[in-house]
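Have a look at the structure below, then the notes.
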Amino acid sequence: MTAPQKPKRLDARSLRDLVLDPGSWTSWDTPVSPRTEDDDYARELARAREKTGQDEAVVTGEGLLRGRRVAVVAGEFGFLAGSIGVATAERLMSAVERATSLGLPLLASPVSGGTRMQEGTVAFLQMIGITAAIARHKEAGLPYLVYLRGPTFGGVLASWGSLGHVTIAEPGAAIGFLGPRVYEQLYGEPFPADVQTAEHLAERGLIDAVVPAEQVADVADRALRVLAARATWHRDGQVEGPVDGDGTDADDPEDGRSAWDVVTASRRTDRPGVRRLLRTAATDVVALNGTGAGESDPGLLLALARFGGAPCVVLGQDRRGQSLSAPLGPAALREARRGMRLAAELRLPLLTLIDTPGAALSVEAEEGGLAAEIARCLSDLVMLRAPTLAVLLGQGTGGGALALVPADRVLAAANGWLGPLPPEGASAIVHRDTEHAGEMAAAQGVRATDLWRAGIVDRVVPERPDAADEPTEFCLRLGRVLAEELAGLLGRDDTERRRSRMARYRELGRR
């Protein structure tokens, strides 16, 4: 990998003016009093003030982003390499606390070499207070978006730079914990040039995307349309349902298809998946990436989106990203759990779209804790305080499907199904061959019709006769149903909804 060319560094004011609506900026900064008796340090501060026209290494305030009021904290690298001292931290924490008290989304753009060495350990420990302020902001259910600029290193990355609900970075930005110059001095060799780049971090699932500064406003606007929509979505909601022919809870979905017909239809390579659904029926889609902890699995798509105005976090098993050579692995479930945390923090509905031939069966999956991740997904989903909606979009094979099933409401496409193994695997266990796969699918009641009759599925969305033959119409139909279902979940009392979910899975199969 070749290290990308370093971008021209934008100062805090230039970035602010690029992202916010013209003329909307109001500064929250107050003058910084001299805090040092060290003459050399005092002269450094004076030179930094003269060089940048700023009195500290962060700029704070509020403005409008596409008409939405937002709070902003941004680093200024020209001021002592954007380093964080006591006064810097005080300004930063005060701004975060003010944003929280005002109920404003917070946009942060760190750029820094890390802790201000001239102030030593007391400056180093400021990262704790900054982190606490941001944690309280998120605890209040308020969005926190991060745009990392280069360079961002040390304690800054290890605190306010890594806590975003959505985290993006500028192209070519140098980002890391360990300063490469420090590494070279300590170990006598250069740190690999291609590791601490925005692009590499995105590949590793540590950040969501690499985005030029000119596109930050668009990404932030789309994200906030979802993240900040919990209390206001109904003002511009466009829920059509129920629409005749979309299917309801009371509609018997029986259409004469056998279980094997359903399984076969779900495996068609031209069947629409999560990506087609989002392109066709959703708005304000913001794709997220990875676990945030160094893993990413192409078998799972994590995104923010709205259906008919109703916001949600989407966890979709992506049929394009799964194959025999690259099945759904433990990292996909860890990425799913990131989505669950996001939904819980922002009190947004969680939509899971199930479409998998099965999770990985391999040494790597065993060593990666696949079974434990399935268990954690089940635990997180059953206990999640946010509304939950699950859809059997296609294949629903084994533990990889089970991990995303528990929900307040469970839907199925007419050719969706759910079973403990692929029918061929069930046949191999019972009959010691695969010739009885169709018979086993029927006996196990895997198809949507059987699941509806068993009370596992609440509603079946029709296919006419197969989603692969009408991809656009099917996706629009499902999108209308999702808008209706999400609206219904958002309108329910949280305590009642969660109690009903627990009772559902306590009593399943006993009536």
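The values are calculated or read from the model by the stated rules, or taken from the named source; none is laboratory data. Nothing here was measured: the structure is a model prediction, and the numbers come from that model. When we count neighbours, we look across all protein chains shown, and the Cβ atoms used for this are built from the backbone with ideal geometry, even at glycine.
In this structure, does A287 turn out to be touching a strand residue (DSSP E or B) at 6+ places or on another chain (Cβ under 6 Å), in the same structural domain as L348 (by TED's automatic domain parsing), surrounded by fewer than 23 Cβ atoms within 10 Å (Cβ to Cβ) and under 21 Å from E203 (Cβ atoms)?
Here the answer is yes, as A287 does meet what is asked.
From the list A132, A108, A71, A123, the lone residue that is touching a Leu at 6+ places or on another chain (Cβ under 6 Å) and not in a loop (DSSP other than H, G, I, E, B) is A71. For beta carbons closer than 9 Å, sequence separation of 6+ or different chains, a first residue in the stretch 349-375 that is farther than 12 Å from T397 by Cβ and among the aromatic types (F, W, Y) and a second that is surrounded by fewer than 19 Cβ atoms within 10 Å (Cβ to Cβ) and at pLDDT 90 or above, there are no qualifying pairs.
Per-residue answers, yes or no, for (1) surrounded by fewer than 18 Cβ atoms within 10 Å (Cβ to Cβ); (2) under 24 Å from P327 (Cα atoms); (3) within 33 Å of the chain's Cα centre (by Cα); (4) in the same structural domain as E484 (by TED's automatic domain parsing):
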{"site": "A390", "(1), (2), (3), (4)": "no, yes, yes, yes"}
{"site": "Q395", "(1), (2), (3), (4)": "no, yes, yes, yes"}
{"site": "A403", "(1), (2), (3), (4)": "no, yes, yes, yes"}
{"site": "A412", "(1), (2), (3), (4)": "no, yes, yes, yes"}
{"site": "G416", "(1), (2), (3), (4)": "no, yes, yes, yes"}
{"site": "E424", "(1), (2), (3), (4)": "yes, yes, no, yes"}
{"site": "R432", "(1), (2), (3), (4)": "yes, no, no, yes"}
{"site": "V457", "(1), (2), (3), (4)": "no, no, yes, yes"}
{"site": "P465", "(1), (2), (3), (4)": "yes, no, no, yes"}
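Which of the residues spanning the stretch 50-98 are of a type in the set (D, E) and in contact with a strand residue (DSSP E or B) (Cβ under 8 Å, 6 or more places away or on another chain)?
Initial filter on the stretch 50-98 (of a type in the set (D, E)): 50, 55-56, 62, 76, 90, 97.
Across the stretch 50-98, the qualifying residues are E62, E76.
For the stretch 37-68, a residue qualifies if it is in a loop (DSSP other than H, G, I, E, B) and farther than 18 Å from G82 by Cβ, and the qualifying residues are E37, D38, R66, G67.
State the number of residues belonging to the stretch 25-55 that are within 33 Å of the chain's Cα centre (by Cα) and either farther than 22 Å from T100 by Cα or exposed (fewer than 15 other Cβ atoms within 10 Å of the Cβ) (or both). Spell out how you get there, then give the answer.
First pass over the stretch 25-55, keeping only residues within 33 Å of the chain's Cα centre (by Cα): 25-29.
Restricting the remaining residues to those that are either farther than 22 Å from T100 by Cα or exposed (fewer than 15 other Cβ atoms within 10 Å of the Cβ) (or both) gives 26-27.
Residues flagged as within 33 Å of the chain's Cα centre (by Cα) and either farther than 22 Å from T100 by Cα or exposed (fewer than 15 other Cβ atoms within 10 Å of the Cβ) (or both) within the stretch 25-55 amount to 2.
With the structure loaded, tell me whether R235 is at pLDDT below 95 and either out of contact with any Phe, Trp or Tyr (no Cβ under 9 Å at 6 or more places or on another chain) or surrounded by fewer than 23 Cβ atoms within 10 Å (Cβ to Cβ) (or both) or whether it fails that test. For R235, the condition - at pLDDT below 95 and either out of contact with any Phe, Trp or Tyr (no Cβ under 9 Å at 6 or more places or on another chain) or surrounded by fewer than 23 Cβ atoms within 10 Å (Cβ to Cβ) (or both) - is met. Of all residues in the stretch 174-205, those satisfying the criterion of being touching a residue at least 60 places away in the same chain (Cβ under 8 Å), out of contact with any strand residue (DSSP E or B) (no Cβ under 6 Å at 6 or more places or on another chain) and over 15 Å from A287 (Cβ atoms) are A174, A193, D194, T197, H200, R204.
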